[in-house]
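Everything below concerns the one structure shown next.
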Amino acid sequence: MNFNGIIAGAATFLIIGICHPLVIKAEYYIGKKSWWGFLIIGIALAFLSLTLENNTLSTIAGAGAFSFFWGIGEIFSQEKRVLRGWFPENPARHDYYERLRKRGNGTL
């Protein structure tokens, strides 16, 4: 039996499950400038995927890379969700959110 597909699928499921709360926490504590971190991690994982000889590990690293690339867009979407009131805003960044609300950036 070949378990590589099942292992890669389960790992991808876990990576996506980890990235979702990472996006929420990154936006809460750092803001949308945290997208740089997601980009760097995504590039590092993509490079790792290209250099690994083990197909299963290479697939998992590739899935991780693209999950972090997906997270970049989600960081910006998460800020909009916070502005709409769907997620709590960081009280330390309340003035920042208020400036965005006054400009109308939370209406999209």
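Taken together, the values in this text are just the output of simple stated rules run on the coordinates, not laboratory data. From a predicted model like this one, the values you see are computed outputs, not experimental measurements. Positions of Cβ are generated from backbone atoms using ideal geometry, with glycine treated the same way; all protein chains shown enter the neighbour counts.
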Separation between the residue 93 and residue 81 pseudo-spin-labels, each 7 Å from Cα along Cα→Cβ, expressed in nm?
1.4
Helix runs (DSSP H) in the chain reaching 15 Å along axis by Cα, Kyte-Doolittle at least -1.0:
4-29, 35-51, 55-83
Obtain the nm distance between the two label points defined at residue 32 and residue 18 by a simple spin-label model: each point lies 7 Å from its Cα along the Cα-to-C-beta direction.
2.7
Amide H neighbours of residue 87 under 5 Å, counting only residues 5+ apart in sequence or on other chains, H built in-plane at 1.01 Å?
82
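For the chain, with only Lys/Arg (+1) and Asp/Glu (-1) charged at the beta-carbon, what is the dipole magnitude about the Cα centre, in debye rounded to 20?
Magnitude of the dipole: close to 560 debye.
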With just the Cα atoms defining each centre, how far is region 66-108 from region 1-56? Give it in Å.
22
